[in-house]
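Note sheet for the following structure.
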Amino acid sequence: AKARGRNNFQFFTHEMNRISDERLRLEAAMRVALEQDGFSIAFQPKVDHRRRIVGAEALARWHTKDFGTVPPDCFIPIAEETGLIVPLTEIILRKAFAAASKWSQTPGHAITVAVNLSPRLFLDGKIVEHVARLISEAGLPPEHVELEITESIFLGDSGRTLSILKGLKQLGVALVMDDFGTGYSSLSYIRRFPLDIIKIDKSLVTGIEYEDDGAMIARAIISLCQSLRKTVVAEGLENQAQFDFLRYQGCDEFQGYLISKPLPEQEFADLLIASGG
Ligand code: C2E
Ligand code: CA
Ligand code: CA
Ligand code: CA
C-alpha cells in the first residue's frame, strides 16, 4: 500500500508539472497571439420568436499551430489569472464593434452585438472608459451593444460594481446577466443591479421538454422577468421542442445550435443577408 502511495504521489507531481508546463506554454503563446492578431471571433445569432435574427454574440476563437484549436474554456481562465484578459477583451471588443458597424450599414439589418466581460475587468476601473472609446472609434450606435456579465462580478465590492455598471449603462449599452439560474443569489441581483436582459443558462434549457422541474424553473424565471420588465433570452437550444416550449412561456429571444452554431464573420454576414434582416 505504501509503495502504491508513493507511485501515486510521483504520478501526481509529474502530472502537476506537466499541467503547469502546459499552462506556461499556453500563456507564452497567448502573448504572441495578442501581438500578432492571432485571436478571432465567431458570431452566434440570437433570434426572436419568429426566428428573425436580432443580434449576435461574439465568442473568442484561438487557432494555433502548436496546440490546434484551443477552446475558450481553456484559454479564458488563463487570461484571467495572468491579466491578459484586459488586452484580449480590448481586441474582442474592437473586432466585434467593427463587424457590427458594418452590419448596421446594411439597410434593414439593425442587430445588436454582445460581448462577454469577465469579472476580472471589474477590478480595474478603466472598463467604462475603454468601452466608451471603442464604441466611438467604431462609430457604432451604443444601443446596438450588449455586454454580458456573470454573477461572479457581484462577489467583490458591490458598491464599486454597481457604480461601474451604472457607468456602462450611461453609455447607452444594454447589460445582460449571463448564465442565469446557475448561481445562488441571482434573484436579489436582478433587483439591485441595472440589468436589461436575463439569459437563462443552457443547463436549465437541457431537458426542459420532458423534465418537470427544469420546465417549472424556466417558467418561473420568464414570468419573473416579465414582471420586472426585463428581456429574457434562452441559450443552448438544441431542438424544436425546447424552442416551442420557451416561446409558449413568453421567452423573448433564443440562441443555440438549433438556430445556428457560432460562425466566422463572413458566414454570419451571409446568413444575415439570406435571412432578410
Ligand atoms: P457563454 O458566454 O455561456 O457562451 C455560450 C457557449 O455555449 C459558447 O461556447 C457556445 O459556443 C456554446 N453554445 C451555444 N449554443 C449551444 C448549444 O446549443 N449547445 C451547446 N452544448 N453549446 C452551445 P464557447 O464559444 O466554447 O465559449 C465558452 C465560454 O467561454 C463562454 O460561455 C464564455 O464564458 C467564455 N468566452 C468565450 N468568448 C469569450 C470572450 O471573448 N470573453 C470572455 N470573458 N469570455 C469568453
Ligand atoms: Ca455569454
Ligand atoms: Ca451563457
Ligand atoms: Ca457559460
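Here are the criteria: (1) modelled with pLDDT of 95 or more; (2) touching a Lys or Arg at 6+ places or on another chain (Cβ under 9 Å); (3) within 30 Å of Leu155 (Cβ to Cβ). Tell me which single one Cys251 does not satisfy.
It fails just one condition, (2).
Conditions (1) surrounded by 13 or more Cβ atoms within 10 Å (Cβ to Cβ); (2) basic (Lys, Arg); (3) at pLDDT 95 or above; (4) within 21 Å of the chain's Cα centre (by Cα), marked per residue:
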{"position": "Gly183", "(1), (2), (3), (4)": "yes, no, no, yes"}
{"position": "Leu204", "(1), (2), (3), (4)": "yes, no, no, yes"}
{"position": "Asp212", "(1), (2), (3), (4)": "no, no, no, no"}
{"position": "Ile221", "(1), (2), (3), (4)": "yes, no, no, yes"}
{"position": "Glu235", "(1), (2), (3), (4)": "yes, no, yes, yes"}
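One residue is enough: does region 186-193 have a residue meeting the conditions more than 14 Å from ligand 3 (Cβ to nearest atom), free of Cβ contacts under 8 Å to residues at least 24 places away in the same chain and either surrounded by 17 or more Cβ atoms within 10 Å (Cβ to Cβ) or of a type in the set (Ser, Thr, Tyr) (or both)?
yes
Go over the candidates Leu263, Leu224, Leu175 one by one and state the one that is under 18 Å from Glu146 (Cα atoms) and not acidic (Asp, Glu).
Leu175
Go through region 21-55 and give me each residue that's closer than 16 Å to Lys95 by Cα, touching a strand residue (DSSP E or B) at 6+ places or on another chain (Cβ under 7 Å) and not aromatic (Phe, Trp, Tyr).
Residues satisfying the conditions are Ala33, Gly38, Ser40, Ile41, Ala42, Gln44, Gly55.
Restricting attention to region 72-91, does a residue exist that is over 19 Å from Val176 (Cβ atoms), among the aromatic types (Phe, Trp, Tyr) and modelled with pLDDT of 95 or more?
yes
Quick check on my filter: what residues within region 105-120 are at pLDDT 85 or above and away from ligand 3 (no atom under 13 Å from the Cβ)?
Step one: of region 105-120, the residues at pLDDT 85 or above are 111-120.
Once the filter is applied, which keeps residues that are at pLDDT 85 or above and away from ligand 3 (no atom under 13 Å from the Cβ), region 105-120 yields Ile111, Thr112, Val113, Pro119, Arg120.
From (1) under 24 Å from Ala98 (Cβ atoms); (2) in contact with a helix residue (DSSP H, G or I) (Cβ under 9 Å, 6 or more places away or on another chain); (3) modelled with pLDDT under 95, pick out the condition that doesn't hold for Ser260.
Tallying (1) under 24 Å from Ala98 (Cβ atoms); (2) in contact with a helix residue (DSSP H, G or I) (Cβ under 9 Å, 6 or more places away or on another chain); (3) modelled with pLDDT under 95, Ser260 fails exactly one: (3).
Taking region 40-53 only, how many residues are in a strand (DSSP E or B) and surrounded by fewer than 18 Cβ atoms within 10 Å (Cβ to Cβ)?
Of the residues in that region, 1 qualify.
Which residue, of Asp179, Asp157, is surrounded by fewer than 17 Cβ atoms within 10 Å (Cβ to Cβ) and either on the phi > 0 side of the Ramachandran plot or at pLDDT below 95 (or both)? Walk me through how you get there before you give the answer.
On the way: Asp179 fails: surrounded by fewer than 17 Cβ atoms within 10 Å (Cβ to Cβ).
One residue alone meets the criteria, Asp157.
Considering only region 79-90, I want to know if a residue exists there that is surrounded by 21 or more Cβ atoms within 10 Å (Cβ to Cβ) and touching a Phe, Trp or Tyr at 6+ places or on another chain (Cβ under 6 Å).
Step one: list which residues in region 79-90 are surrounded by 21 or more Cβ atoms within 10 Å (Cβ to Cβ), which gives 79, 85, 88-89.
Imposing the further condition that a residue be touching a Phe, Trp or Tyr at 6+ places or on another chain (Cβ under 6 Å) reduces the set to none.
Within region 79-90, not a single residue is surrounded by 21 or more Cβ atoms within 10 Å (Cβ to Cβ) and touching a Phe, Trp or Tyr at 6+ places or on another chain (Cβ under 6 Å).
Pull up region 108-133, narrow it to residues that are under 12 Å from Leu272 (Cβ atoms) and assigned to a loop (DSSP other than H, G, I, E, B), then point me to the one that is farthest from ligand 1 (Cβ to nearest atom). Give the steps one after another, and end with the answer.
The initial filter retains those residues of region 108-133 that are under 12 Å from Leu272 (Cβ atoms), namely 108-111, 113.
From the residues that got through so far, the ones that are assigned to a loop (DSSP other than H, G, I, E, B) too are 108-111.
Numbers: Gly108: 26, His109: 22, Ala110: 23, Ile111: 17 Å.
So the residue we want is Gly108.
Which condition does Arg25 not pass, out of (1) surrounded by fewer than 15 Cβ atoms within 10 Å (Cβ to Cβ); (2) free of Cβ contacts under 8 Å to residues at least 40 places away in the same chain; (3) farther than 22 Å from Glu151 by Cβ, if it passes all the others?
Looking at each condition in turn, Arg25 falls short on (2).
Residues of region 135-157 being in contact (Cβ under 8 Å) with a residue 12 or more places away in the chain and in a helix (DSSP H, G or I), which ones? Even if it seems obvious, please write down each step before you answer.
Within region 135-157, the first condition is being in contact (Cβ under 8 Å) with a residue 12 or more places away in the chain, and the residues that meet it are 135, 137-156.
Ile135, Glu137, Ala138, Pro142, Glu143, His144, Glu151, Ser152, Ile153, Phe154, Leu155 - these are the residues of region 135-157 that are in contact (Cβ under 8 Å) with a residue 12 or more places away in the chain and in a helix (DSSP H, G or I).
Could you tell me whether any residue of region 201-224 is more than 16 Å from ligand 4 (Cβ to nearest atom), hydrophobic (A, V, I, L, M, F, W, C) and under 25 Å from Gly172 (Cβ atoms)?
No; the residues of region 201-224 include none that is more than 16 Å from ligand 4 (Cβ to nearest atom), hydrophobic (A, V, I, L, M, F, W, C) and under 25 Å from Gly172 (Cβ atoms).
Any chance region 223-242 includes a residue that's assigned to a loop (DSSP other than H, G, I, E, B) and without any contact (Cβ under 8 Å) to a residue 12 or more places away in the chain?
Yes: one or more hits.
The values are calculated or read from the model by the stated rules, or taken from the named source; none is laboratory data. In this text, all values refer to a predicted model and were calculated from it rather than measured experimentally. Here Cβ is always computed from backbone atoms with ideal geometry, including for glycine, and neighbour counts include all displayed protein chains.
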